[in-house]
Structures are given as structure tokens and as C-alpha cells.
Amino acid sequence: MIQANDLKKGYGEVRALDGLSFEVPEGAIFGLLGPNGAGKSTAVKVLTTLARADGGEARVAGFDVARDARRVRRTIGVVAQKSGVDIDLTGRENLMLQGRLQGMRGRELSSRAEALLEEFGLADAAGRVTRGYSGGMQRRLDIAIGLVHRPKVLFLDEPTTGLDPEVRAAMWTEISRLQRDEGLTILLTTHYLEEADRLASSLAIVDRGRVVASGAPDELKAALDGDSVQVELDGVEANGNVHAALSGVGGLSAVSVDGRRLHARAADGARAVPAVLAALDAHAIPVASVRVARPSLDDVYLRYAGRSFAAAEAEKPTENKEAGR
Amino acid sequence: MTAVADTWALCVRDLLRLWRQPWFIAVTLVQPVIWLLLFGALFERVVDIPGFHGGDYKQYLVPGVLVMTAFFSSGWSGMSTIDDLDRGVTDRFLVLPIMRWPLIAGRVGMNLVQLAIQSVIIIGLALITGVTFPGGPLGVVALIVAAALLGTGFAALSNALALVARKEESLIGAVTFLQLPLTFLSTAFMQASLMPDWIRSVSDYNPVDWAIRAGREAVGAGPDWATVLGYCGLLVAFALACLVLATRAFRAYQAQV
Ligand SMILES: Nc1ncnc2c1ncn2[C@@H]1O[C@H](COP(=O)(O)OP(=O)(O)O)[C@@H](O)[C@H]1O
Ligand SMILES: [Mg+2]
């Protein structure tokens, strides 16, 4: 449904897109995950025909975004990172205007607008000027505006950035529902690992304008060497004994110790635990607790981008984050 | 056809926004009144200058104030466009399957509605204070049309500037830089025969003065319609050029997003 092929775009010295390629199958929620400044919004602008790429090509619903912009625009709904709500109009007026500009008229339009207001919990506030809406309400209105003409493909650029956790969770439910019930293809960008993990059926990790890894979240995590096993020792500092003790345990790799905590990877963490405990017990090393964790997208990011997600975020000034609202 | 409907929808949007800013409306309506009364009183004695023909100065001033009103209010048209840029509204509109020109035309339409109301106030007040329009109702209509053409041009130009500069300060700078010189390089306050030669020559190329000359000719006794139409023709060309420029300015904007 969406194909991006070797997209390139620069702003002066900055290479915002540096050979970005990915493909989104019909009916999927596809996540573009990356820290601020990775080039996610630029990708969305190119795919939604707002900006032109310097190189490469992209298709949405079969139409070339550069040559067939008109037809692409008819097919897509866009929720930009920066809200596009007109704060001097009411929620209903915003929706009606968007519908008219999408070529809808009369009863069809007004019933669609009312249905969307209802669906997004804005019915009570529909007659109020949106200047007074909360961040979550404005964001929901943004999505309703993007959906008024029943697009086939929906672009959501950081739909939950800046929202409270509960509001974010409600938004996640709403987005999943759209994909499930309405068969929409959704391209979602986010810099929240958790959001990508929760929502996306497949995702591409973007760093410095290119895709560094892609696949289903579970696949990406599985491609790492299994689970992480963390053991907290009881009262004693770990020492060389630990390595000696664990060297005999099969299937364990990357054993490291840090103070009282030891860390290792195992193909199947839960299965490794009894053997680990037995080996430590045999060397009379007391254990306080054991934790097995599935690899997180954080681990995936660390692996493919060569730095932790938090470090990548910190590297960029927060300008983008603020511009998001 | 759909582009016309889009223009209308966008114009209604702007009118709604205008309606919700009572202070702005108040200023819009009061300003021309103040100009007419203030300049009328301030320059009252201008008519005593030898060579100035026509009795009451206000009689002379009305077309100038009406055109000035059109010129000044339309110059700020781009401010709403900068708001729209800042708020992401323009980006939303630009990915809609609509043409570009309605985005400009809708906004210009709002300016013209505003001007129509201001015109009624100015003409009404002029009549109340004893100004006569020997050219008759048709002359008054021609004056308003000339002012509207000028307003269309400058509103479009203001939008073009807004899309290129994208900053309030730049637009405010450019507009204020143009407003007073263009007003005083015209016959708004002073008869052409009493102006220094160089100002008279410059005013030949000043669209503001084209509108004033057309309007003053039209409302005067025994108007020469060829003159009126000639200047209106120039104003149409000016307005169209500005509209095209503003529509093109979206391309310049989109090259930077
Ligand atoms: N309009 C613009 N002008 C100049 N630089 C830009 C512009 N938009 C984005 N950039 C730069 O391009 C890079 C990618 O930005 P963006 O696509 O917004 O990243 P993301 O959405 O992933 O946070 C950043 O370095 C950003 O500063
Ligand atoms: Mg972004």
C-alpha cells in the first residue's frame, strides 16, 4: 500500500532522509520508530505530497507521490505531528470544513461529521471553539479530521506525543480499532518504543534518515540472542567465582557482572533459570532474586543503531519535541 | 466548479473567524470613520491653496479614504496566513485534493466582504456630513470596485509575502514599509496639479493612485468613463498578477517544509 524506495531529502547541510526504504502492506499498522530528528516527519511529508524528495521514489496506493499527487491526496488521511486544527472554529466547524474541501456535501457530510464526533468522544464539545480543547481532545479531532472522507491510508505522525499516559493509552485503543474495524492501512511514526511495540504489526527503525532494521516487533526482538537473564545476588559482591560457576551452564552467553547483579543472555531464558540457580548454588553463591526479560525494542535499537535510544534522543536538541504541538 | 465551492467554503471559514474577533471588527469599522473625520478636519484648509478646485475638502477626500481603507486593511491579509502556517492549518490544506488558488481567493474574499462593509460606512458618513456624489450611484459603485481591485491585489501580495517570509515580523515590516509612502505618493490628500513633479511622475506607477484616480473620476460630475475603465484595467492586471504570484508562493513554501 505504501512503498518508499531510496528516498533522499536534505535541508541545507542536514540529510533528513538518506536512502530511506520500506514497504507497508495493505491493512497493516506500520510503525516508523526513531528518535527526534531521525527523519520520520520528513518521510511523512514526502509520502503525503507536502514536500518533495530530492531523490528516490514513493508510491501510495499505487500512485507516485511526485507525479500523481492529486490521486494520492484523494486516498490518504493525514494527521501531522503539529496539530492542524483551526483553534478559532468549533470542533464541528473544523470537521465540516474539511469534509467540504474533500468534496463532501449535504446530509452525507453532516451525518459523517456527527458520527465522527460521537466516535471520538467529542460530541459534547462539538459546538465549542477548539481553542479551549485539551491536548487529547485536539489530537482526537485531528484524527477525526483526517478520517472524514474515509481514506484508505492514514498517516499518523507522532499521534500521542505530549499526551498524558492515560490519554495515550486510550488513543492506542482507538488506533488499533481503526485498523481492525475499518481496514485502514496506518503508517504511524513514534519515538516511543512502547507505542511501536503495542501498536505496530511491523515496523522500521529509523536512524539518521535511513532504516536500520525492520520487521515485526517480535521478530526484531527474536533476532537478538534470546532473553536476558538477570540475577541479583544476596549480600555478596560477585567475583570471579560467578564466571567459573556459570561457564558450565549450556546455552548461556554474554555473561557480565555489575556489583551484585549478574546479567546473561539465553535463547530461552525461563529454561535456563533452573540450571543457573543450580550452578550458583553448587558454588555457594547466595541468590536474592532472578528476573527473565524478553528483549525490548530498546535492545533492538541499541543493537542496530549502535547507541541506546535514550542516548540518541539526548543527542538531539528538543526542538522537534516542542514543535510537535 | 469545485474550486469555486472551495473558495466559498474557505471564505466562510475566514468570515467566521473574523466574526469571533469583536475587537478586530470594531477597529475595522471605526478606523475609516476616524480617517475621514480626522483628515477632513486636519486638511480642511487645503482647499484654500490657490489652484485647488472644488469646494469642501471632505468632498475631495472621500475617494482617497475609501481606497486607503482598502489598501491598509488588505495589507494585513497575510497575517492570518502566518497564523495558519504556525498552526499547521496550511500544511493540512496543502495535502487536500484541492487547487491552490482557492486558498488565496477565499481569504481575499473575506477581505472584500470587510471592504464592502467599510465602504457602506464611509459613503454613509460622507452623505451625512454633506458630501455629494455628482457621478451618481454608478460612480460610487465604480469607486468601490476600483478600491476592491486594489484590495484584491494587495491582499494577494500580502499572502505571497507571508508564504515566503513565514514570519510575522517580516510581514509587518514589509507592510508598514509600503503603506505610508504609497499613500502619500498618491492624490489621496493632494491634488495632482499641486504635487511636486517627481511625486506626480511616481504616482503614475502607483496602483493605489490608479484606484484613487479611477474612483475620483467616477464619483465626480460628468465622469470620463474611458479614464475610469483605463485605470480599472490596470488594476485588474495588477490584481491578477498578485493572485498568480500568491498561488505560486505555495510552491516556494513547499520547497522549504
Ligand atoms: N523544514 C525544515 N528545514 C530545515 N531542517 C529541517 C526541516 N524539517 C526537518 N529538518 C531537519 O531534518 C532532520 C529530520 O527532521 P524530522 O523529519 O522532523 O525528524 P523526526 O520527525 O524524526 O523528529 C532534523 O535534523 C531536522 O532538524
Ligand atoms: Mg517528527
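Region A:199-243 and region B:17-75 have Cα centres separated by 73 Å. Using R0 = 60 Å, the C-beta based FRET efficiency linking B:Val27 and A:Asp268 works out to 0.20. Where in chain A lies the longest segment free of GluC sites (Glu not before Pro) that are both loop residues by DSSP (not H, G, I, E, B) and have at most 12 other Cβ atoms within 10 Å? Looking at chain A, A:27-236 is the longest stretch - no exposed GluC sites (Glu not before Pro) with at most 12 other Cβ atoms within 10 Å.
Legend: residues in region A:74-100 shielded by at least 50 square angstrom of accessible surface upon adding the remaining protein chains to the isolated chain (1.4 Å probe, heavy atoms) are A:Lys82, A:Gly84, A:Asp86, A:Asp88, A:Leu97.
For region A:196-297, what's the relative contact order in percent, using C-alpha pairs closer than 8 Å and at least 6 residues apart?
Values: 168 pairs, mean separation 34.0, N = 102.
RCO, region A:196-297: 33 percent.
Modelled this way, with points 7 Å down the Cα-to-C-beta line, the labels at B:Leu138 and B:Asp204 are 3.0 nm from one another.
One chain, two ends: B:Arg251 and B:Leu37. Fully extended at 0.36 nm per residue, the span grows by 72.7 nm beyond their Cα-Cα distance.
Placing A:Ser202, A:Ser111, B:Ser74 in order of accessible area, with the largest value first and a 1.4 Å probe, yields A:Ser111, A:Ser202, B:Ser74. Distance from the C-alpha centroid of region A:127-158 to that of region B:213-257: 39 Å, rounded to the whole angstrom.
Accessible area per residue was computed with a 1.4 Å probe on protein heavy atoms; A:Arg291 scores about 130 Å².
The slack between A:Glu57 and A:Glu194, meaning 0.36 nm per residue of separation minus the straight C-alpha distance, is 46.3 nm. Helix B:101-128 and the long axis of chain B differ in direction by around 30°, with both axes built from C-alpha atoms. Relative to the longest principal Cα axis of chain B, at what angle does helix B:57-75 sit, 0 to 90 degrees, rounded to 10? Long axis of B:57-75 versus the principal axis of chain B: about 10 degrees. Computed from Cα positions, the angle between helix A:135-147 and the longest principal axis of chain A comes to roughly 60 degrees. Given a 1.4 Å probe and the protein chains as shown, B:Lys58 ends up with an accessible area of around 40 Å². Using a simple spin-label model with pseudo-atoms 7 Å out from Cα toward Cβ, A:Asn241 and A:Ala293 lie 2.6 nm apart.
Restricting to DSSP H runs of at least four residues, report the calculated mean residue ellipticity at 222 nm for the protein assembly as shown, -39500 (n - 2.57) per run over all residues, nearest 500 deg cm²/dmol.
Details: 24 runs with 326 residues, N = 582.
For the protein assembly as shown, the value works out to -18000 deg cm²/dmol.
The distance linking region A:254-272 with region B:102-122 is 73 Å (Cα centroid to Cα centroid, whole angstrom). Computed with every protein chain present, the accessible area of A:His243 is close to 90 Å² [probe 1.4 Å]. Using a simple spin-label model with pseudo-atoms 7 Å out from Cα toward Cβ, B:Ala116 and A:Glu174 lie 3.8 nm apart.
Using the Cβ-Cβ distance between B:Met99 and A:Glu108 with R0 set to 25 Å, the FRET efficiency from 1/(1 + (r/R0)^6) comes to roughly 0.65.
What total accessible surface area, summed over both chains, is buried at the interface between chains A and B, computed with a 1.4 Å probe and given in Å² to the nearest 100? Don't skip to the end; give the middle numbers.
Details: alone 15580 and 12430 Å², together 25520 Å².
For chain A against chain B, roughly 2500 Å² becomes buried.
The values are calculated or read from the model by the stated rules, or taken from the named source; none is laboratory data. Quantities reported herein were computed from a predicted structural model and do not represent experimental measurements. Glycine gets a Cβ as well: all are built from the backbone with ideal geometry, and neighbour counts include every protein chain shown. Keep in mind that these areas ignore ligands, DNA and RNA; they rest on the heavy atoms of the full protein, side chains included. Shrake-Rupley method; radii C 1.70, N 1.55, O 1.52, S 1.80 Å.
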